[in-house]
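J.: What follows is a structure written as structure tokens; I'll ask about it next.
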Amino acid sequence: MKKSKLIFDLFYTFFKIGLFTFGGGYAMIAVIESICVEKKGWITHDDMANVTVLAESTPGPIAVNCATFVGYKRAGLSGAALATLGVVLPSFIIIYVLAGVLDRLIEIKAVSSAFSGIRIAVGLLIIGAAVNMITKMKKTAFAVAVLVLSCAAMLAVNIFSLRLSVIALMAAAAAAGLIRFFILSGSGSEKRGEGDEK
Amino acid sequence: MIILELFFAFFKVGLFAFGGAYAAIPLIRDIVLSYGWLTDEALSRMIAVSESTPGPIMVNLATYVGASRGGLLGAAAATLAVVLPAFFVIVLLLSLLKKFAENRAFKAVLSSLKSCVAGIILAVGAWMAYENLFAREGCECALAPLENGMDPSAIGLTLLLAAVMIIYKVAAKKRISPILLIIISAGLGMLVYGV
């Protein structure tokens, strides 16, 4: 009985978080921290730091990673499922409704003019996100090489309309990282300073 | 079958999108362009809508592509698919592999992936910004930009918006909120291209 109440509370809380958080995952981390740590006491600050690292280093939407984490910690698998459903449902409903009318809205001259401007902003926002990632990155020679090669490969794909999937590119980078790790750890501890990740 | 295609396509997106929404954009772009589900232009539009509506951007995009290709069922399939990998990875890590995230080989792969993803995002953003410099009146085909020539107002808008971003960053010491930039760009768009 008590558990079903907790599970409903998880669903309801994450539904609210999903409904009122604009701007994607990183904005959501701040909201989740203030509600789940400070207000509800569901997880500790330490847990929150862990979930942030986990969310960044695991695939998928950061909000879903967080909701699953909090739900699972408090109420196991069913808690995880309901918290995740809660955080996803508002966007699902809103976008589903918008999808139906957006194509008709775009016929209006003012709307299509607005989107001509917005399109430009979106391109710049993507560049901004990349620049932000690059400034926060540890710039070892290897990291920079991977960055430059990936960027060049992706540009080549676009310019020459090549058929190389993003996933193949990422798999190559992952393999390179792994090979480098084994070479570094195989060549003894004296070279450790160079590749230290901290 | 479109529902299954949507499910597998977005499952792949959910599985390989390390590092949040912007990491997913190149993956989603790859998929929607290769299946012919959306043009670059429609994708930009949806990214803007996703930024300006609440909730995870990846979920918003999946729901939109799903809804426009396969109705309610398509939307549900795409959304479920993009969420499932994140869900299971976290449950798995919490239940059995607590030490896994501390593993040094895993971390080495991860940091390499981060560099790669940053490079890919930069390339996609630069390419989209470049394509936007060209007029594409009345044509949504891939090579239209190059045939129609440069659009002077688009070049002006690009420079202006980039200046707004940089000045905001320097003055306020943080990045401009995407929603604010989208609102500004919408106003400028209406000003330049008419209502």
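J.: Do any residues in the stretch B:118-135 that are over 11 Å from B:Asp40 (Cβ atoms) and facing chain A (nearest Cβ under 7 Å) have Cβ atoms under 7 Å from those of residues that are of a type in the set (A, V, I, L, M) and not in a helix (DSSP H, G or I), where the two are at least six apart or on different chains, and which pairs are they?
T.: B:Ala118/A:Met137
J.: Kindly indicate whether A:Leu124 is part of a helix (DSSP H, G or I), touching a residue at least 60 places away in the same chain (Cβ under 8 Å) and in contact with a helix residue (DSSP H, G or I) (Cβ under 7 Å, 6 or more places away or on another chain). Show your work before the answer.
T.: Values: part of a helix (DSSP H, G or I): yes; touching a residue at least 60 places away in the same chain (Cβ under 8 Å): no; in contact with a helix residue (DSSP H, G or I) (Cβ under 7 Å, 6 or more places away or on another chain): yes.
No.
J.: So, of the residues in the stretch A:58-77 that are touching a helix residue (DSSP H, G or I) at 6+ places or on another chain (Cβ under 8 Å) and among the small types (Gly, Ala, Ser), which turns out to be surrounded by the most Cβ atoms within 10 Å (Cβ to Cβ)?
T.: For the stretch A:58-77, the residue satisfying everything is A:Ala67.
J.: Separate question: Any idea which residue in the stretch A:121-134 is surrounded by the most Cβ atoms within 10 Å (Cβ to Cβ), counting only those that are under 16 Å from B:Val117 (Cα atoms) and among the hydrophobic types (A, V, I, L, M, F, W, C)? Give the steps one after another, and end with the answer.
T.: First, pick out the residues of the stretch A:121-134 that are under 16 Å from B:Val117 (Cα atoms): A:125-134.
Filter once more, keeping what is among the hydrophobic types (A, V, I, L, M, F, W, C): A:125-127, A:129-131, A:133-134.
Details: A:Leu125: 27, A:Ile126: 25, A:Ile127: 21, A:Ala129: 23, A:Ala130: 24, A:Val131: 17, A:Met133: 21, A:Ile134: 19.
Residue satisfying both the conditions and the ranking: A:Leu125.
J.: Give me the residue from the stretch B:24-55 that is outside any helix (DSSP H, G or I) and modelled with pLDDT under 85 and, out of that set, surrounded by the fewest Cβ atoms within 10 Å (Cβ to Cβ). Talk me through it step by step, then tell me what you get.
T.: Taking the stretch B:24-55 and keeping what is outside any helix (DSSP H, G or I), we get B:36-39, B:53-55.
Those left that are additionally modelled with pLDDT under 85: B:53-55.
Numbers: B:Thr53: 17, B:Pro54: 20, B:Gly55: 29.
The extreme case among them is B:Thr53.
J.: Pick from A:Ser112, A:Ser78, A:Ser91: which is small (Gly, Ala, Ser), within 25 Å of B:Trp37 (Cβ to Cβ) and either outside any helix (DSSP H, G or I) or in the same structural domain as A:Ile7 (by TED's automatic domain parsing) (or both)? Before the answer, list the steps.
T.: Details: A:Ser112 fails: either outside any helix (DSSP H, G or I) or in the same structural domain as A:Ile7 (by TED's automatic domain parsing) (or both); A:Ser78 fails: within 25 Å of B:Trp37 (Cβ to Cβ).
Of the residues listed, the single one that is small (Gly, Ala, Ser), within 25 Å of B:Trp37 (Cβ to Cβ) and either outside any helix (DSSP H, G or I) or in the same structural domain as A:Ile7 (by TED's automatic domain parsing) (or both) is A:Ser91.
J.: Of everything in the stretch B:59-84 that's under 18 Å from B:Val49 (Cβ atoms) and touching a residue at least 60 places away in the same chain (Cβ under 8 Å), which residue is nearest to the other protein chains (Cβ to nearest Cβ)?
T.: Narrowing the stretch B:59-84 to residues under 18 Å from B:Val49 (Cβ atoms): B:59-69, B:74-75, B:78-79, B:82.
Restricting the remaining residues to those that are touching a residue at least 60 places away in the same chain (Cβ under 8 Å) gives B:66, B:69, B:74, B:78-79, B:82.
Values: B:Gly66: 9, B:Arg69: 10, B:Gly74: 10, B:Ala78: 10, B:Thr79: 5, B:Val82: 7 Å.
My answer is B:Thr79.
J.: Now for a separate question. With respect to B:Ser68, determine if the residue is under 19 Å from A:Phe92 (Cα atoms), under 11 Å from the mean Cα position of the chain (by Cα) and hydroxyl-bearing (Ser, Thr, Tyr).
T.: Working: under 19 Å from A:Phe92 (Cα atoms): yes; under 11 Å from the mean Cα position of the chain (by Cα): no; hydroxyl-bearing (Ser, Thr, Tyr): yes.
Spelling it out, it is not the case that B:Ser68 is under 19 Å from A:Phe92 (Cα atoms), under 11 Å from the mean Cα position of the chain (by Cα) and hydroxyl-bearing (Ser, Thr, Tyr).
J.: Answer yes or no: is there a residue in the stretch B:80-87 that is in the same structural domain as B:Val124 (by TED's automatic domain parsing), within 15 Å of the chain's Cα centre (by Cα) and crowded, with 21+ Cβ neighbours inside 10 Å.
T.: First, the residues of the stretch B:80-87 that are in the same structural domain as B:Val124 (by TED's automatic domain parsing): B:80-87.
From the residues that got through so far, the ones that are within 15 Å of the chain's Cα centre (by Cα) too are B:82.
Restricting the remaining residues to those that are crowded, with 21+ Cβ neighbours inside 10 Å gives B:82.
Scanning the stretch B:80-87, I find at least one residue that is in the same structural domain as B:Val124 (by TED's automatic domain parsing), within 15 Å of the chain's Cα centre (by Cα) and crowded, with 21+ Cβ neighbours inside 10 Å, so the answer is yes.
J.: Hey, A:Ile118 hits all of (1) closer than 19 Å to B:Leu61 by Cα; (2) among the β-branched types (Val, Ile, Thr); (3) in contact (Cβ under 8 Å) with a residue 24 or more places away in the chain but one; which does it fall short on?
T.: Every listed condition holds for A:Ile118 apart from (3).
J.: Output the residues belonging to the stretch B:1-23 that are closer than 22 Å to A:Val101 by Cα and crowded, with 24+ Cβ neighbours inside 10 Å. Spell out how you get there, then give the answer.
T.: The first filter runs over the stretch B:1-23 and keeps only residues closer than 22 Å to A:Val101 by Cα, leaving B:2-3, B:6.
Scanning the stretch B:1-23 gives a single hit, B:Leu6.
J.: Condition (residue is more than 18 Å from the chain's Cα centre (by Cα), of a type in the set (S, T, N, Q) and at pLDDT 80 or above) applied to the stretch A:48-65: is it met by at least one residue?
T.: Taking the stretch A:48-65 first, the residues more than 18 Å from the chain's Cα centre (by Cα) are none.
No, the stretch A:48-65 contains no residue that is more than 18 Å from the chain's Cα centre (by Cα), of a type in the set (S, T, N, Q) and at pLDDT 80 or above.
J.: Looking at (1) in contact with a Ser or Thr (Cβ under 9 Å, 6 or more places away or on another chain); (2) within 7 Å of chain B (Cβ to nearest Cβ), can you tell me which one A:Lys109 breaks?
T.: (1)
J.: Out of A:Ala55, A:Ala80, I need the residue that is at the interface with chain B (Cβ under 7 Å from one of its Cβ atoms), among the small types (Gly, Ala, Ser), within 19 Å of B:Phe88 (Cα to Cα) and crowded, with 18+ Cβ neighbours inside 10 Å. Which one? Break it down into steps so the answer makes sense when it comes.
T.: Working: A:Ala55 fails: at the interface with chain B (Cβ under 7 Å from one of its Cβ atoms).
Result: A:Ala80 is the single residue among A:Ala55, A:Ala80 that is at the interface with chain B (Cβ under 7 Å from one of its Cβ atoms), among the small types (Gly, Ala, Ser), within 19 Å of B:Phe88 (Cα to Cα) and crowded, with 18+ Cβ neighbours inside 10 Å.
J.: Take the residues in the stretch A:135-168 that are modelled with pLDDT under 90 and in a helix (DSSP H, G or I); name whichever of them is farthest from B:Ala118 (Cα to Cα).
T.: Filtering the stretch A:135-168 down to residues modelled with pLDDT under 90 leaves A:135-139, A:157-168.
Adding the requirement that they be in a helix (DSSP H, G or I) leaves A:135-136, A:157-159, A:166-168.
On the way: A:Thr135: 10, A:Lys136: 10, A:Val157: 16, A:Asn158: 16, A:Ile159: 19, A:Val166: 12, A:Ile167: 14, A:Ala168: 15 Å.
In this case the residue turns out to be A:Ile159.
J.: Just give me the residues in the stretch B:170-186 being out of contact with any strand residue (DSSP E or B) (no Cβ under 7 Å at 6 or more places or on another chain) and facing chain A (nearest Cβ under 7 Å), in sequence order.
T.: Step one: list which residues in the stretch B:170-186 are out of contact with any strand residue (DSSP E or B) (no Cβ under 7 Å at 6 or more places or on another chain), which gives B:170-178, B:180-186.
Answer for the stretch B:170-186, where residues must be out of contact with any strand residue (DSSP E or B) (no Cβ under 7 Å at 6 or more places or on another chain) and facing chain A (nearest Cβ under 7 Å): B:Arg175, B:Ser177, B:Pro178, B:Leu181, B:Ile182, B:Ser185, B:Ala186.
J.: Here is a check on your reading of the model: is B:Leu146 of a type outside the set (D, E, K, R) and at pLDDT below 65?
T.: Working: of a type outside the set (D, E, K, R): yes; at pLDDT below 65: yes.
Against the criterion (of a type outside the set (D, E, K, R) and at pLDDT below 65), B:Leu146 qualifies.
The values are calculated or read from the model by the stated rules, or taken from the named source; none is laboratory data. Because the structure is predicted, anything quoted here is derived from the model rather than measured. Please note: Cβ atoms are built from the backbone with ideal geometry, for glycine as well, and neighbour counts cover all protein chains shown.
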